[in-house]
Amino acid sequence: MKALFVLILAAAIGYVAYEWGWPFINEGMKFTKHVPKEEPKKEVLVVEAPKPKPQPKPEPKPEPVPEMKPEPKPEPAPEMPKVAMPAEPAPDPTGFVPPVFPPVDQLTQNWAVIPASFFTQPKQVTIKKDLDITMKIGAGSSKASFKTGGKVFVMGQNGRNLIIGSAPGSPMRGEVAMDDTDFQDVFTAAYEQIKVVRIEQARKAHEYQLAAADRAKNAPAAGGKGAAGGGANAKPEKDKDGTYPILIASMKAGEVTEVKPDNIKSWGDVNQEKIDGNDYWTINVKYETQTMFGKFETEAQARIKNGKVDKWVYTGSGEVVP
């Protein structure tokens, strides 16, 4: 305990001596307090970074071209079943060549000119839609309503219109557009029918000529027993212009009306034939006859007996020519 007190006292005396006595000692001895030596400042070399070179402006990137999608290919049409084309008819072994008829569009000039002879007898047609048609008789007129499917009779043509009546003998007349009726179908069907008839007539005429040629081969010589060419039944003479006076005389006498000198296209040769038990001189002529579809070429035969024309017949059917 005593030692602790001594120690504390010594520390106190030392502290007072340092605080009060040291300045005097320091002033006299020129002691200085130790000041730590400042280290010289290091110069920092500032190096300026080189200015960046101006970079060239990047070229603008081309705008992306929108991708073109290929157009969808049209789906191939389904294959139609192959239809066997009809084979061309074999040539007729007899040498028959059917007559050629113009197409209906050509015959009618695209329906602008219907042969006037077609309207000789009124033709019934069907109305395709409801129509109100002005019907005239003399100076008077009235409206007539026709329903789809109604029937009228065609009396003539006015351009693309048809002149119609409600009945064949009706004096009233009106006009309706051709396209508003089935007139073209009616005309075409009739034309196809007459073509079939004419071809068959031509075929029969050809067959008749072949048969006539065979008969001529087997006929007795002119002037012989049973021959057609003796005395009053002498062979008809042909004039210098190619006509036959005996046939001209028959036409002028009115023995035939359909065959006329000015509508004959060709005059055939004289043949000697035995037909239905009779001996004849025969002469075929080709001529134009008027039909509802215009003029067509046909053939007739004059059968001559005892120095005169006994009859005129169609070479195809053998029917008498009016």
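How many of the residues in region 180-194 are within 24 Å of the chain's Cα centre (by Cα), part of a helix (DSSP H, G or I) and surrounded by 13 or more Cβ atoms within 10 Å (Cβ to Cβ)?
8
Can you tell me which residue within region 100-151, out of those that are of a type in the set (A, V, I, L, M) and out of contact with any strand residue (DSSP E or B) (no Cβ under 6 Å at 6 or more places or on another chain), is nearest to residue 185 (Cα to Cα)?
Going residue by residue through region 100-151, those that are of a type in the set (A, V, I, L, M) are 100, 104, 107, 112-114, 116, 125, 127, 131, 133, 135, 137, 139, 144.
Within this subset, residues satisfying the condition of being out of contact with any strand residue (DSSP E or B) (no Cβ under 6 Å at 6 or more places or on another chain) are 100, 104, 107, 112-113, 116, 137, 139.
On the way: 100: 21, 104: 11, 107: 14, 112: 15, 113: 16, 116: 17, 137: 29, 139: 33 Å.
In this case the residue turns out to be 104.
One line per residue, one yes/no per condition, for (1) among the charged types (D, E, K, R); (2) at positive phi:
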| position | (1), (2) |
| --- | --- |
| 255 | yes, no |
| 262 | yes, no |
| 268 | no, no |
| 280 | no, no |
| 286 | yes, no |
| 300 | no, no |
| 306 | no, yes |
| 310 | yes, no |
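Here is a check on your reading of the model: is residue 92 among the charged types (D, E, K, R) and either in contact with a Lys or Arg (Cβ under 6 Å, 6 or more places away or on another chain) or part of a loop (DSSP other than H, G, I, E, B) (or both)?
Yes.
Could you tell me whether region 98-108 includes any residue that is assigned to a strand (DSSP E or B) and either of a type outside the set (Lys, Arg) or over 30 Å from residue 287 (Cβ atoms) (or both)?
Among the residues of region 98-108, not one is assigned to a strand (DSSP E or B) and either of a type outside the set (Lys, Arg) or over 30 Å from residue 287 (Cβ atoms) (or both), which makes the answer no.
Quickly run through region 269-300 and pick out the residues that are surrounded by 15 or more Cβ atoms within 10 Å (Cβ to Cβ), over 44 Å from the mean Cα position of the chain (by Cα) and not charged (D, E, K, R).
270, 271, 272, 275, 280, 281, 282, 283
Listed residues 133, 137; which is surrounded by 14 or more Cβ atoms within 10 Å (Cβ to Cβ), β-branched (Val, Ile, Thr), over 26 Å from residue 104 (Cα atoms) and without any contact (Cβ under 8 Å) to a residue 60 or more places away in the chain?
On the way: 137 fails: surrounded by 14 or more Cβ atoms within 10 Å (Cβ to Cβ).
Residue meeting the stated conditions: 133.
Give region 233-265 a look and list any residue that's outside any helix (DSSP H, G or I) and in contact with a Gly (Cβ under 9 Å, 6 or more places away or on another chain), or say none.
234, 235, 236, listed by residue number.
For region 200-218, does any single residue satisfy the condition of being touching a helix residue (DSSP H, G or I) at 6+ places or on another chain (Cβ under 9 Å) and either loosely packed, with under 14 Cβ neighbours inside 10 Å or at pLDDT 90 or above (or both)?
The answer is no; no qualifying residue exists.
One line per residue, one yes/no per condition, for (1) within 25 Å of residue 294 (Cα to Cα); (2) surrounded by fewer than 12 Cβ atoms within 10 Å (Cβ to Cβ):
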site: 112; (1), (2): yes, yes
site: 145; (1), (2): no, yes
site: 162; (1), (2): yes, no
site: 168; (1), (2): yes, yes
site: 171; (1), (2): no, yes
site: 175; (1), (2): yes, no
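The values are calculated or read from the model by the stated rules, or taken from the named source; none is laboratory data. Keep in mind the model is a prediction, meaning the values are calculated, not measured. Counting neighbours? That spans all protein chains shown, and the Cβs are built from the backbone with ideal geometry, glycine included.
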